[in-house]
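Working notes, beginning with the structure itself.
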Amino acid sequence: MAIPQPFIQELLARADVVEIVGRYVQLKKTGANFSGLCPFHGEKTPSFTVSPSKQFFHCFGCGKNGNAIGFLMEFTGAGFVEAVHDLAQQYGLPVPEDERSPAERARAAQESEKRATLTDVLERAADAYRQHLKASPHAVDYLKRRGVSGAVARDFGLGYAPEGWRALASVFPDYADPLLEQSGLVIVGEQDEDKRYDRFRDRIMFPIRDVKGQVIGFGGRVLGDEKPKYLNSPETPVFHKGRELYGLFEARGALREHGYALVTEGYMDVVALAQLGFANAVATLGTACTPEHVHKLFRFTNSVVFSFDGDAAGRRAAHKALAAALPLASDVRSVKFLFLPPEHDPDSFIRTEGAEAFRQAVQAAVPLSRFVLDAAAEGCDMETAEGRSHFAANARPLWQALPAGALAQQLLGEIAALVRIGTHELHALWGVRPAGPIASTRALRERHAGNTAPPAGPGTSGRGTPQVPQRAAPLGRAQRALQIVLTAPEIWPALSASDHQLLCELPAPYGALFTWLDGQEQEHGTQPWSALREALREHEHENAAVQAIESLHDDIESDPAELHAILRRERPLYLKRRMDAALSAGDLELYQALLPQLAAAKASLNVVENS
């Protein structure tokens, strides 16, 4: 959805950045500004300032800065569109949606109302489960035996689903309300719709919250040895296991304090770790780790440690987490893997060995690069040529999943050394470049179309005939940026909030399409062009996006380095447009605040062009 710039300007004019930031950061008046401890990095001396006159925040320690929308994006992990909607709702402003048809607006409003209604139902159930816990001595005794304090149970909103088939009938007057089934709280018989009963019975209840703190589902654990030990809410309009992480809402502050996210496999792991000093723990929801999980975590921290049991099942889960993390493992991010002894999970380990032993285990976790080599070497005899060749075959798809950068190049050298051939020879042998954000448009199209045939070697056609590399005709920078992001959409979440804002504020149709893409990414995660093409149907600027892709030659690569070069060139123009608008509005303070940014953008561009 393209949000008109006049509305964004009106919203920022009404919003008070001091009030917005003050909800999350303890601010103190210091002269004309306010200061506090930066929420984006650990510090003991305040270097974070908020200017009420400029309506701007800035941290002199980590360099984060921006307006009220930018703060919400950085702090909550929301995208541009979501942050605008949240801020507009706080100030009672309806977000314009003129580019959508009445039918589309009505459908979106209906879906939004349904989601809000379902979260209300789930919140009522969570309140009831909390009350049941207080009245259930054996449930309280279970938590005490597991070492869970009352304070931690309160912070995580733990509850208890009592025995009996229809306990929720005392909470909801109409037990036949379809919302109870749609929210996953009640199961309806397949043969007899009058046969209804509670999904969760005699279980400790763990409410699952989204990043806004809304209850979107539950996990329930038995108090004994019954099966299944854990039971999760089913997929609903508000709950998707492949996207959500248990404890992420509660861990937001701790993620910044500790500097990393600790991903576990169970609810009790998260609760136990939080109580014993590791409140930065989260857990997947009974499913393997997905790219959406990793992407969401990287909105809050640049470092992730996956913790797994040391048994075979834990090793399989680690391989799946590796596959999910590889495409997002850029040079500025850290991914590690912690393997505990087979007899332990994080909960039992920290209670048996202590918090310090667990902290040391985290510090000694296996880096992603080492785990790639270990995973590729499994089952290979590295003392024989056959074993090393097998290792190379295993390593190839793992290395190709990495984004282009120093990490990929160094890992290529290590793989080559283990195979005992030169880096250039291995690169030529594989005959492809990394298939992360730098993948060619042809490879992306074939992959999304389901074509699994290996691509032709560099400089050849499918029949092996040498071809002269084709160059694209000169394009406007905005259109080229759109081509790059649409053909390699995984680049979008790797961009900074200021880069997002620049692209979303480009003139039509490009700014509108980038804003739409941001909304798609926030709602559905990273999607290939084939899925984006379907979602674009009947969009106001559908033709502009389709023409941009169709005009792109197959051999032109979507390189993030090229996009960053475009952003460097566009930033001075973008800042000039903002300064012109500030002058037109008579906002001299904003104009003066943008002057040093413009000078820095020009200097950065000159350094690159003269190097």
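General observations
- Test for Ser551: is it surrounded by 15 or more Cβ atoms within 10 Å (Cβ to Cβ) and over 28 Å from Gln55 (Cβ atoms): no
- In the range 326-340, residue nearest to Pro493 (Cα to Cα) [restricted to those that are under 20 Å from the mean Cα position of the chain (by Cα), among the aliphatic types (A, V, I, L, M) and not in a loop (DSSP other than H, G, I, E, B)]: Leu328
- Selected residue (criterion: nearest to Lys212 (Cα to Cα)) from residues of the range 75-89 that are within 17 Å of the chain's Cα centre (by Cα) and assigned to a helix (DSSP H, G or I): Thr76
- Given (1) farther than 23 Å from Gly253 by Cα; (2) part of a helix (DSSP H, G or I), index of the condition Leu72 fails: (1)
- The condition (being of a type in the set (Lys, Arg), within 23 Å of Glu235 (Cβ to Cβ) and not in a strand (DSSP E or B)) is satisfied by just one residue among Arg201, Arg154: Arg201.
- Any chance Val25 is assigned to a helix (DSSP H, G or I), at pLDDT 85 or above and open to solvent by less than 60 Å² (accessible area, probe 1.4 Å): no
- Of the residues making up the range 323-335, those that are within 21 Å of Asp374 (Cβ to Cβ) and without any contact (Cβ under 8 Å) to a residue 60 or more places away in the chain are Ala324, Ala325, Arg333, Val335.
Conditions tested, residue by residue: (1) under 28 Å from Gly525 (Cβ atoms); (2) aliphatic (A, V, I, L, M); (3) in contact with a Ser or Thr (Cβ under 6 Å, 6 or more places away or on another chain).
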residue	(1), (2), (3)
Ala323	yes, yes, no
Val332	yes, yes, no
Val362	yes, yes, no
Gly379	no, no, no
Ala392	no, yes, no
Ala406	yes, yes, no
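- Residue within the range 412-422 that is part of a helix (DSSP H, G or I), without any contact (Cβ under 8 Å) to a residue 12 or more places away in the chain and open to solvent by 20 Å² or more (accessible area, probe 1.4 Å) present: yes
- Among the residues of the range 192-210, those that are over 12 Å from Arg166 (Cβ atoms), open to solvent by 30 Å² or more (accessible area, probe 1.4 Å) and in contact (Cβ under 8 Å) with a residue 40 or more places away in the chain comprise Asp202, Arg209.
- Among the candidates Glu250, Glu244, residue that is acidic (Asp, Glu) and assigned to a helix (DSSP H, G or I): Glu250
- Residue that is most open to solvent (accessible area, probe 1.4 Å) [pool: residues in the range 370-400 that are polar (S, T, N, Q) and assigned to a helix (DSSP H, G or I)]: Ser389
- Matching residues in the range 520-545 - criterion: being at pLDDT below 85 and either open to solvent by less than 20 Å² (accessible area, probe 1.4 Å) or among the polar types (S, T, N, Q) (or both): Gln520, Glu521, Gln522, Gly525, Thr526, Gln527, Ser530, Leu532, Leu536
- Gly213 assigned to a loop (DSSP other than H, G, I, E, B), in contact (Cβ under 8 Å) with a residue 12 or more places away in the chain and surrounded by 23 or more Cβ atoms within 10 Å (Cβ to Cβ): no
- Hey, Gly63 at pLDDT below 80, under 24 Å from the mean Cα position of the chain (by Cα), within 19 Å of Ala593 (Cβ to Cβ) and not in a helix (DSSP H, G or I) or not: yes
- The residues on offer are Ala288, Ala323, Ala312, Ala272, and the sole one that is surrounded by fewer than 20 Cβ atoms within 10 Å (Cβ to Cβ), farther than 26 Å from Pro493 by Cβ and among the aliphatic types (A, V, I, L, M) is Ala312.
- Only a single criterion out of (1) touching a residue at least 40 places away in the same chain (Cβ under 8 Å); (2) open to solvent by 50 Å² or more (accessible area, probe 1.4 Å); (3) not hydroxyl-bearing (Ser, Thr, Tyr) is not satisfied by Glu181, namely (1).
- Test: Lys320 is among the charged types (D, E, K, R), without any contact (Cβ under 8 Å) to a residue 40 or more places away in the chain, outside any loop (DSSP other than H, G, I, E, B) and out of contact with any strand residue (DSSP E or B) (no Cβ under 8 Å at 6 or more places or on another chain): yes
The values are calculated or read from the model by the stated rules, or taken from the named source; none is laboratory data. It should be emphasised that the depicted structure is a prediction, and the values quoted were computed from it without experimental measurement. For neighbour counting, all protein chains shown are included, and Cβ atoms are generated from backbone atoms with ideal geometry for every residue, glycine included. To get the accessible areas, we keep the full protein, side chains included, count just its heavy atoms, and leave off ligands, DNA and RNA. Shrake-Rupley method; radii C 1.70, N 1.55, O 1.52, S 1.80 Å.
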